[in-house]
Amino acid sequence: MERIAVLPTSKPLRKKVTKRGKTRQTLNGGAIGELASHYDLVIVGSTASDQFYEYLYNSLPLHQRSKFRLYGRSFFADQPDQDESAQISGQRNVGWAQILQENHIMYEPVRKTMGEDLLPRMEHFDWEHLEDFVTDDRVDVLRSLEEIPH
């Protein structure tokens with residue numbers, strides 16, 4: 001069965017390096033290699049700059065590039081707004097729903113939950129709780145490197 005990693009943030013792909021008292025971020029090659037070895041497809045989407053994603057893509061070894069699907073700031077900015085008051089969050093909800101559909105990942109756009117008062121509630125898709133809405137057994141939603149199964 002195909003294994004898919006979904007990263008709703010690019011932070012696990014970066015590490016901080018301090019040289020001569022200056023701290024900067026660089027790509028975490030070990031994390032990228034670990035993801036590529038454990039998963040058949042790695043989907044990364046965040047509002048990190050498109051230049052970061054271009055740099056990431058160009059840094060991937062040629063044999064690993066086909067495993068990565070990268071969605072940067074311009075992808076999310078191009079999504080229609082669902083709600084004027086939560087423009088960025090709405091665009092990311094729409095963007096993540098689009099990413100899941102494009103990659104044939106099963107998810108619930110609306111899910112039924114139980115409230116604290118034990119009454120049923122309907123929760124609409126929220127990218128910040130992506131792992132709660134994805135129902136596909138092939139998928140691991142990863143927010144940190146510690147979540148990669150060994």
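If only residues of the stretch 1-51 that are surrounded by fewer than 16 Cβ atoms within 10 Å (Cβ to Cβ) and of a type in the set (Ser, Thr, Tyr) are counted, the one that is nearest to TYR107 (Cα to Cα) is THR9. Here the condition is being closer than 16 Å to ALA5 by Cβ and touching a helix residue (DSSP H, G or I) at 6+ places or on another chain (Cβ under 7 Å); of ALA36, ALA48, it holds for ALA36 alone.
Applying a threshold of 7 Å to beta carbon distances and a minimum spacing of six or more residues, or different chains, the list of pairs starting in the stretch 23-52 at a residue that is closer than 18 Å to GLU146 by Cβ and ending at one that is modelled with pLDDT under 95 and hydroxyl-bearing (Ser, Thr, Tyr) reads VAL44/SER10. Candidates ARG138, ARG121: the one that is among the basic types (Lys, Arg), closer than 23 Å to ARG3 by Cβ and out of contact with any helix residue (DSSP H, G or I) (no Cβ under 8 Å at 6 or more places or on another chain) is ARG138.
The residues listed here are GLU146, GLU116; of these, the one that is loosely packed, with under 11 Cβ neighbours inside 10 Å, under 24 Å from LYS15 (Cβ atoms) and at pLDDT below 95 is GLU146.
Can you tell me which residues in the stretch 132-150 are closer than 22 Å to SER37 by Cβ and not β-branched (Val, Ile, Thr)? Listed by number, the residues that qualify are ASP136, ASP137, ARG138, ASP140, LEU142, ARG143, SER144, LEU145, GLU146, GLU147, PRO149, HIS150. Which condition from (1) at negative phi; (2) of a type outside the set (Ser, Thr, Tyr); (3) under 17 Å from the mean Cα position of the chain (by Cα) is the one that LYS112 breaks? Answer for LYS112: the failing condition is (3). Going through (1) buried (at least 16 other Cβ atoms within 10 Å of the Cβ); (2) in a helix (DSSP H, G or I); (3) modelled with pLDDT of 95 or more one by one, GLN101 falls short only on (1). If the condition is being closer than 22 Å to ARG92 by Cβ and in contact with a helix residue (DSSP H, G or I) (Cβ under 7 Å, 6 or more places away or on another chain), then the stretch 11-33 contributes PRO12, LEU13.
Here the stretch 44-80 is the region considered, the condition is being assigned to a loop (DSSP other than H, G, I, E, B), out of contact with any strand residue (DSSP E or B) (no Cβ under 8 Å at 6 or more places or on another chain) and farther than 20 Å from GLY90 by Cα, and the residue that is modelled with the lowest pLDDT is PRO61.
When the residues of the stretch 33-43 are filtered to those that are outside any strand (DSSP E or B) and of a type in the set (A, V, I, L, M, F, W, C), the one that is farthest from TRP127 (Cα to Cα) is ALA36. Figure legend. Inter-residue proximity from the stretch 1-20: first residues without any contact (Cβ under 8 Å) to a residue 12 or more places away in the chain and in a strand (DSSP E or B), second residues surrounded by fewer than 14 Cβ atoms within 10 Å (Cβ to Cβ) and of a type outside the set (A, V, I, L, M, F, W, C), beta-carbon distance below 7 Å, spacing 6+ or different chains. Indicated pairs: LYS16/THR23; LYS16/GLN25; VAL17/ARG24; VAL17/THR26.
Taking every residue in the stretch 57-73 that is closer than 15 Å to LYS11 by Cα and pairing it with any residue that is charged (D, E, K, R) and surrounded by 12 or more Cβ atoms within 10 Å (Cβ to Cβ), at least 6 positions away or on another chain, the pairs with Cβ-Cβ distances below 6 Å are GLY72/ASP50; ARG73/ASP50.
The values are calculated or read from the model by the stated rules, or taken from the named source; none is laboratory data. A quick note: this is a predicted structure, and the numbers were derived from the prediction, not measured. Glycine also receives a Cβ, built like all others from the backbone with ideal geometry; neighbour counts cover every protein chain displayed.
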